[in-house]
Structures are given as C-alpha cells and as structure tokens.
Amino acid sequence: MLYLSQMLGRPVVDSTGEKIGTIADLAISTGEVFPRITSLAFLGPGKTPFMISWRKYVEEFDEDGITLGVESHNIRFSYLQPDEILLARDLLNRQIVDTQGMKVVRVNDLKLSESGSQLRLLGAEVGFRGILRGLAPWLERAVVAVSKVFGKKIDEQIIAWNYMDLLDRDLSEVQLSVTHKRLDELHPADVADILEQLDPQQRANVFQHLDDAQATEAISEMEDEYQADFIEDLDEARAAGLLGQMDPDDAADIVRDLPYEKAEALLRLMGVEDATEIRRLLGYKDGTAGGMMTTQYVAVPETYTVGETIEVLRELDEDHPTVHYVYVLDDYEKLVGVLSLRTLVLTDDRTLIKDVAYEDIISVPPDETEEDVAADIFKYDIPAMPVVDEHGSLLGIVTVDDAWDAIEEDVSGDKAKKLGLKIAGVALVAVLVLALYTLVLFQIIGYDWS
C-alpha cells in the first residue's frame, strides 16, 4: 500500500534516469467507486508546474518516486479535466462528510492501492497515524513500535472513498461514486448532526443542496444552540419560508432566540396566518407550558359524530404531526372531553362523540413550569397534555417529545453546573498547591521577607 504523503516531493525521472522534477500532486476522475489516478502533477526546473497523463507516461512507481516510460523530450503536457480533482490540493487536510459514519472528518492522508501499472484511491486516513505520517514516515513507525511495547495498538482509520462526499460541491459537478448515499438522501437527524459539525460557510454550502422540506426537517433536528444561529445566517426570504413550514412551537423557539430586529423582519415576510400563530406563542414565557406547547392538534365540536370526526382526521395534511387524541369542545370553545383514536375506530360512526368522550381531563395552565408539565406527563403516562386558560379553553398541547426535550435540557444544565464547580474546585486546589510550593521554596532558599 502507498500513501499520498509518502509520494509527495519524491523524484520524477524519465526513461533514461534523468530527474525532471518532483511529485507535486496526483489527480483522479471522480466518476468511479475507487477512482484511478489519471494525471501526475510535478514541479520541473525552477518549480515550474507540469501535468501529464498517468496512463500514457508512468512506467513504474513506489514510495521512492516515479519513473516515466519515455524520454523527457517526448512528453506532451496536459491540463486538469472538468471531472478531475487533485488529491493534495482538494482533499488533503480538508473536511469531508463521511456518509456512512454520519460525521465530518479531517483528511490526514490518502491511501492508495497498486494494481499493475494502475494506482487507485482507496480512501482517506482520518486518524492519528495519518497525522504522524504527514510529519515524517519514520515518526509514524516509531510511535507505532513504542505503542506495541506497551501493549497498545494504534490502528489506521480508513474511510473508503465510496462512503465519502465532498463538502464543496463546486470541486465536482459529477457523482462522486456510484454507490454511496448523498447528503440529501440521509435521514434529517443525520443531516443535522453533520451540519452541526461544520463552520458557517461550509454549512451554507451544504444547505444549498437541500430542498425546503429537507432543510426544514434538518433544522428541526438540530440542537437548540445551532438553530437560531443557522436561521440568522440564511437569506431572509428563505429563512422566513422555512420557519413558516415548521411546526409553530419549533418556529417560535427559534424566533425567540433571534435578535429583535431579525425576528421582526422574518415575521413580516411570513404568511399572515403563520406569523400570527408564532406571535401568539411568543407571548408565553419561555420555560412554561405555554412556551413549549404546540397549536397543531385536532379538536372538534361535541355535536360531531364519530364518522364526521374520522373524516376530519382523513383530511389532515400529510405533514401534520402525529395525532394522539381528538379533543372535544363545547359551544364556547371550552375543553369538555378527549377521545383516543382507538375509541374512534371501535365506535359506530353515527355515535355522537360527546357520548363516548372521556370527561375526566388532566390539563395544565399556560404558566405551569415545563418541569412540572413533564412530570405530569410521565406520572399519568399520557402522550400529550392539553394546555387550557382560566376559562377552560384549549390553547394547545404539550407532547411527550417536548417533555423529553425539557428533561434533557434540565439534565444538561445540571451537568454543566457540576462540571463548572468541579473545574473551579480543581483550579482552586491548584492555586493553593502552587502558593504552598512557592512558600516552601522561599523558605528553602532563605528568601528575605523584609
């Protein structure tokens, strides 16, 4: 096996043995699963850059250099083709999306495979050994040998090329391989994980290749601290459009974290109905039932029959959140009952829903703390908790997913506090030890305190 780092800077000689330059780079055509090296870039006299066809001119190669099959005066130089990329320039030390491991990795070296006169790219070395090899091959060998003495093994971390995808699509307009998944084919949660690992510029480049539906889902799956920053970096028209497609409670959470001027600009660009719903949710304090509830639920008048209620469910949009219950309202919009889907399915279509609705409803006011709401949801083992005002009117629901999010945030906050206290404690001990050490040292050397 060969590595790119081993070949860079090695001599290029012609068929007579005359040195004509040093290896500067290798090019591949990106249309293959494990692409062949197609061109050789080398620096000639005066560090003049040249490029030649690998297939036409390269006779032999190894880690000591490359030998051409012709004399130097018979070489015809070429140029980088549209479907080619240079390994050192375009891949080495770059960030690449690993679409198998669903993460962003740094390419520390590139592993090559010999096959007769051909040389193919197998994949990227993203581990510690690639860093050592890039510094000096002997350093890698020495560290690996010493590690073995102590019973430790430092393995290579190779990601096959067919499981990688370039972050900067401008480098290649063609399919990078014929088998691997593209970013826009991944689950939104996986896309969110990848986006969170990128810097803002890379994130924007990747995001351009997602349609609005994929983009909306990916943003919804991001951690809270990334969502607002990401929306703020987007073009206002697209940001407003994406927020309008999100669940109102998710959109409100993001808008709440934006600067006031930015939030108002986006709300003005939205549809009136979407903006009104988000503004209504923004009126509730963060960390309360009102602040975490969603207004996407199904409620019908108590005069409806089971058959009419089922028709309401059938007419819901495909992207409507999962329905756990149907809520029953009286003539004054007061919540008077709740129905499970199981009850609806097992009841005759002509039955009035008020006759089969469960009337002993557990609900919370909008100012209830999110911790107490989550505790009630898990205590009563219900998938959604209705939020009602002082008149009993239904305002929204808090789902079990929202409850889990609240718990995770609370736990994360506690962990951060504990870690902060631990770090502060360690720092204090270190200062005390240093002070004591200094005092003892002064005593030993007979320091004159006067």
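Tabulated results
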| read-out | value |
| --- | --- |
| Solvent-accessible surface (1.4 angstrom probe) belonging to Tyr325, in square angstrom, nearest 10 | 50 |
| With all protein chains modelled, accessible area of Asp401 [1.4 Å, Å²] | 100 |
| GluC sites (Glu not before Pro) within the range 1-104, DSSP loop, no more than 13 other Cβ atoms inside 10 Å | Glu18, Glu63, Glu71 |
| Computed accessible area, Thr303, all protein chains, 1.4 angstrom probe, square angstrom | 90 |
| Overall form of the range 237-363 per C-alpha gyration tensor (a/c, 1.5; a/b vs b/c) | prolate |
| Prolate/oblate/rounded call for the range 1-143, Cα gyration tensor, a/c under 1.5 rounded | prolate |
| Restraint check, Lys111/Lys148; Lys103/Lys262; Lys111/Lys153; Lys285/Lys379; Lys285/Lys334, Cα-Cα greater than 27 Å | Lys103/Lys262 |
| Accessible surface of the range 204-273 [probe 1.4 Å, protein heavy atoms]: carbon and sulfur percent | 43 |
| Distant alpha-carbon pairs in the range 55-102 (separation over 12 angstrom), percent | 77 |
| Most to least packed among 239-247, 340-348 [average Cβ atoms within 10 Å] | 239-247, 340-348 |
| Solvent exposure, largest accessible area first (probe 1.4 Å, DNA, RNA and ligands not counted), of Ser15, Ser5 | Ser15, Ser5 |
| Only Lys, Arg (+1) and Asp, Glu (-1) charged, at Cβ; the range 199-305 dipole about Cα centre in debye | 380 |
| Three-way shape label, the range 328-382, alpha-carbon gyration tensor, a/c 1.5 | oblate |
| Which of Pro383, Ala403, Pro366, positive extreme of dipole for the range 351-413 (C-beta unit charges) | Pro383 |
| Per residue solvent-accessible surface (Å²) - the range 24-93, probe of 1.4 Å | 51 |
| Surface accessible to a 1.4 Å probe, per residue, for the residues of the range 345-399, Å² | 57 |
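The values are calculated or read from the model by the stated rules, or taken from the named source; none is laboratory data. Model, not experiment: these values are computed from the prediction. Backbone-built Cβ (ideal geometry, glycine too); neighbour counts: all protein chains shown. Remember, those area values only see protein heavy atoms, side chains included, never the ligands or the DNA or RNA. Shrake-Rupley method; radii C 1.70, N 1.55, O 1.52, S 1.80 Å.
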